[in-house]
Amino acid sequence: MKKALSIIVLSLFILNIGSLSSQDELTASMKRGEELYLGYCITCHMSEGEGIEGVFPPLAKSDYLMADKKRAIQTVKFGTEGEITVNGVVYNNIMTSLGLDDQEVADVLNFIRNSWGNEGEMVKVKEVAKVK
Ligand code: HEC
């Protein structure tokens, strides 16, 4: 009897996970992404994503970040270098690859693209996998 009950509870739990809405999925991904941001990105892009003008570009309200999802994936997955213009300021510096896996790239992008006033469509792991 006890076993039957725990099976019922377990299946309810699994069903509940299966029905997570995409908003819940985004929230969970952003939460993991925030941890990654604190560990990997904050030293250059700063605590509010404001960066350091002329050296490290901002992520908060970054026109460059928000304009092109695929390019954003590429940047975080592989790093980037060369001249770019972010919010009207030119940067010509290097960001090396941080060695994140596809899930981590998606999570940190979901965090930065939905924080500090940014609002972006969710980045899925399979989209990250497609970017080579
Ligand atoms: C060592 C410093 C450093 C770290 C750490 C770093 N970046 Fe960058 N990032 C840069 C620099 C420098 C550029 C601009 C490169 C250029 O001039 O082409 C950049 C550019 C970017 C851009 C595109 C430009 C923009 O502002 O929209 C994004 C997005 C970005 N970084 C996200 C991240 C994320 C996410 C992390 C952590 C996983 C991270 N960066 C970690 C230095 C860093």
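The values are calculated or read from the model by the stated rules, or taken from the named source; none is laboratory data. Quick caveat, the model's predicted, so the values are computed rather than measured. Here the Cβ positions follow ideal geometry from the backbone for every residue, glycine too, while neighbour counts run over all protein chains shown. Quick note on the areas: whole protein, heavy atoms, side chains included, nothing else; ligands and nucleic acids left out. Shrake-Rupley method; radii C 1.70, N 1.55, O 1.52, S 1.80 Å.
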Checklist outcome for this item: Excluding ligands, DNA and RNA, the carbon-plus-sulfur percentage of the accessible area of the stretch 44-132 with a 1.4 Å probe reads 52
Item to check | Around Thr27: net Lys/Arg minus Asp/Glu count, Cβ-Cβ under 13 Å | outcome: -2
Next on the checklist: Over 30 Å between Cα atoms: which of Lys2/Lys124; Lys31/Lys130; Lys3/Lys126; Lys31/Lys69; Lys3/Lys31; Lys3/Lys124 fall into that group?
Outcome noted: Lys2/Lys124; Lys3/Lys126; Lys3/Lys31; Lys3/Lys124
Checklist entry - Can you pull the Rg over Rh of the chain, Cα-only, Kirkwood? => result 1.13
Item to check | From phi via Karplus (6.51, -1.76, 1.60), per-residue ³J(HN,Hα) for the stretch 89-102 in Hz, x at Gly/Pro | outcome: 10, 7, 10, 9, 9, 10, 10, 7, 5, 9, x, 6, 7, 4
Checklist outcome for this item: The answer for chymotrypsin sites (Phe, Trp or Tyr not before Pro) in the stretch 18-79 that fall in a DSSP coil and have at most 10 neighbouring Cβ atoms within 10 Å is none
Checklist outcome for this item: The longest stretch of the chain containing none of the GluC sites (Glu not before Pro) that sit in a DSSP loop with at most 16 other Cβ atoms within 10 Å is 54-118
Checklist outcome for this item: Taking Cα atoms only, helix 69-78 is inclined relative to the longest principal axis of the chain by an angle, in degrees rounded to 10, of 80
Next on the checklist: Can you return the aspartates and glutamates within cross-link range of Lys132? Criterion is Cα-Cα under 19 Å, with same-chain partners fewer than 8 residues away left out.
Outcome noted: Asp68, Glu81, Asp101, Asp102, Glu104, Asp107
Checklist entry - Relative contact order, percent, of the stretch 44-132 when contacts are C-alpha pairs under 8 Å separated by at least 6 residues? => result 28
Checklist outcome for this item: Computed over the chain, protein heavy atoms only, probe 1.4 angstrom, the accessible area per residue in square angstrom equals 63
Next on the checklist: List the residues, sorted by chain then number, that are 5 or more residues from Asn87 or on another chain and whose placed amide H is less than 5 Å from its amide H.
Outcome noted: Asp63, Tyr64
Checklist outcome for this item: Once Lys and Arg are counted +1 and Asp and Glu -1 for all other residues with Cβ under 11 Å from that of Gly49, the total becomes 0
